[in-house]
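See structure below.
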Amino acid sequence: MNSINFIFLLTIFGFACAVKVNYEGYKLYKISPKDESEVGILAKLQEARIGEFWEDGIRVDRDSKVMVSPQKHEEFVQFLKTENIEASLLLDDVQRTIDKQRNPENINVSSSYLSYDWTSYHDLDTLYKWLDELEEHHPDVVQTVVMGQSVEGRDIKGIIIHYPNEMGEKNPNPLIGMLEGTLHSREWISVATVTWIIKEFLTSEDPEIRHLAESFEWHIFPIVNPDGYVYTFTDNRMWRKNRSPENVKTCAEGVDDDMSHGVDLNRNFDVQWMVIGASNDSCTNTYAGPGSFSEPESRAIAGYVQRLDQIGRIIYYLAFHSYTQLILVPYSHVNIEDAWQSRNYADMYEIAIKSSDAIAKRYGTQYRVGLSANVMYPMSGGSFDWVKYELNVPISYLLELRDLGEYGFLLPADQIIPTSLETMDGLIEMDKMTKALGYY
Ligand SMILES: [Zn+2]
């Protein structure tokens, strides 16, 4: 091969590698298995990779969202017909919805603070620049902080919000609240909601929000999986895991091997690691990694929380995910008979119920509350479970934000502000109850 041809081929190959995953013509279906035999049939469908399941577990009477490529569509339809399974079409063209999410039309409510706004979704650089700006504008209150680096060497950056007392002093042993955003990178509403909370803590004049903002030293990290998040902008909108290349292998014929990149960070924590609801196959979205804490992102979070535990009293650890509108109470691997294993389960449950009532008040958005095993599926190795297990933080929740699956990860940008407002209502109520029950 002469060198010109070689360069030509290289160029083509280079382009091929850089091509962004396009979901044009992909359809999204909803299937609700009626009994265990239908669950088994859907598991077969998943195993055969005829469609990509958006959720990790398949359960009776729970909707499963299945995304199907144009190439696999006929096979999919045939499979359902043969097995006599009903499915309803949710999205006719997934790419069209992705495009709309990035470029929303007709948003008339304008809300911004400094360089950031909540009328569209923003990339990592925009967020990090805004965090720096906040520090400049609130030098007595805000401090940016880097908890560690990702697999690809990006900073995991957040901010500390700590209001001084009237004498201008800060409590050296404060009450602490920590917010973790976007451990799963495709769950963009998590970044939007967590940044909204930051904005409200710094600018709101509502006395209840002021109380919440000023009673704690807040440690807030809107994006703890920066590599995955960047990847959802540059390459694949549907990316969930981190971007570890350590366990890359051939997944299956006709399946993009890129899938074997990455570890599901919410299965990688050292709590009942790989016991349930996690996979040891790197080609899956719930791959728990080669060992617990194999990933720098999960180690960074754990190390950070352990250091916080040394300097103050952590009252809240809240992990923000999407979607399905849930408040999950630890532990995710146990059934209700064993709920007592988290010592104050009854209080956590009660507080979450009140919180979900408060969320519903504004727009009627219904959240369900409970153990993951009861309201979703059992799982283990998650960050909020680990925080409860390791440090017995009194209130540790995982929130699955909007919606119930109509748009799922592709929640339109015009729902950012409503989602944020109702979530804040929930946090205020959570704090009232926590205080009333004597936790601080
Ligand atoms: Zn998630």
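Here are a few things to note about the model shown:
- Scan of segment 289-334 for residues that are buried (at least 24 other Cβ atoms within 10 Å of the Cβ) and farther than 22 Å from M430 by Cβ, ordered by number: G289, E295, E297, S298
- Some residue of segment 382-393 being among the charged types (D, E, K, R) and surrounded by fewer than 23 Cβ atoms within 10 Å (Cβ to Cβ): yes
- Scan of segment 214-235 for residues that are part of a helix (DSSP H, G or I), crowded, with 22+ Cβ neighbours inside 10 Å and touching a helix residue (DSSP H, G or I) at 6+ places or on another chain (Cβ under 7 Å), ordered by number: P226, Y229
- Entirely in segment 129-213, the strands (runs of 3 or more DSSP E) that have 3 or more residues that are open to solvent by less than 10 Å² (accessible area, probe 1.4 Å): 155-161, 175-181
- Long-range neighbours under 7 Å by Cβ, at least six apart or interchain, first residue surrounded by 12 or more Cβ atoms within 10 Å (Cβ to Cβ) within segment 249-268, second modelled with pLDDT under 90 and not hydrophobic (A, V, I, L, M, F, W, C): C251/D257; A252/R49; V255/R49; D257/T250
- Segment 46-61 - residue that is free of Cβ contacts under 8 Å to residues at least 40 places away in the same chain and over 22 Å from K241 (Cβ atoms) and, of those, surrounded by the most Cβ atoms within 10 Å (Cβ to Cβ): V60
- Here the condition is being more than 16 Å from the ligand (Cβ to nearest atom), of a type in the set (D, E), touching a Lys or Arg at 6+ places or on another chain (Cβ under 6 Å) and more than 19 Å from H321 (Cβ to Cβ); of D257, D235, it holds for D235 alone.
- When segment 398-431 is filtered for residues that are within 16 Å of the ligand (Cβ to nearest atom) and not hydrophobic (A, V, I, L, M, F, W, C), the ones remaining, listed by number, are E400, R402, D403, G405, Y407, G408, T419, T423.
- Any hit, segment 409-426, residues being within 18 Å of the chain's Cα centre (by Cα) and closer than 30 Å to G291 by Cα: yes
- Residue match in segment 259-276 (condition: under 29 Å from Y128 (Cβ atoms) and in contact with a strand residue (DSSP E or B) (Cβ under 6 Å, 6 or more places away or on another chain)): yes
- When W273, W188, W218 are checked against the criterion of being away from the ligand (no atom under 13 Å from the Cβ), assigned by TED's automatic domain parsing to the domain that holds G153 and out of contact with any Cys (no Cβ under 7 Å at 6 or more places or on another chain), a single residue qualifies: W218.
- Count of residues meeting criterion [more than 21 Å from the chain's Cα centre (by Cα) and more than 18 Å from D403 (Cα to Cα)] in segment 25-58: 22
- Filtered residue count, segment 308-365, keeping only those that are within 16 Å of the ligand (Cβ to nearest atom) and not in a loop (DSSP other than H, G, I, E, B): 9
- Residue ID - nearest to the ligand (Cβ to nearest atom), chosen from residues in segment 152-185 that are under 29 Å from A413 (Cα atoms) and among the hydrophobic types (A, V, I, L, M, F, W, C): L183
- Qualifying residue in segment 366-388 (condition: more than 16 Å from the chain's Cα centre (by Cα) and on the phi > 0 side of the Ramachandran plot): yes
- Any chance Q71 is open to solvent by 30 Å² or more (accessible area, probe 1.4 Å) and either in the same structural domain as Q325 (by TED's automatic domain parsing) or assigned to a loop (DSSP other than H, G, I, E, B) (or both): yes
The values are calculated or read from the model by the stated rules, or taken from the named source; none is laboratory data. Quick caveat, the model's predicted, so the values are computed rather than measured. In this analysis, Cβ positions are derived from the backbone assuming ideal geometry, glycine residues included, and neighbour counts consider all displayed protein chains. Surface accessibility is based on the protein's heavy atoms, side chains included, excluding ligands, DNA and RNA. Shrake-Rupley method; radii C 1.70, N 1.55, O 1.52, S 1.80 Å.
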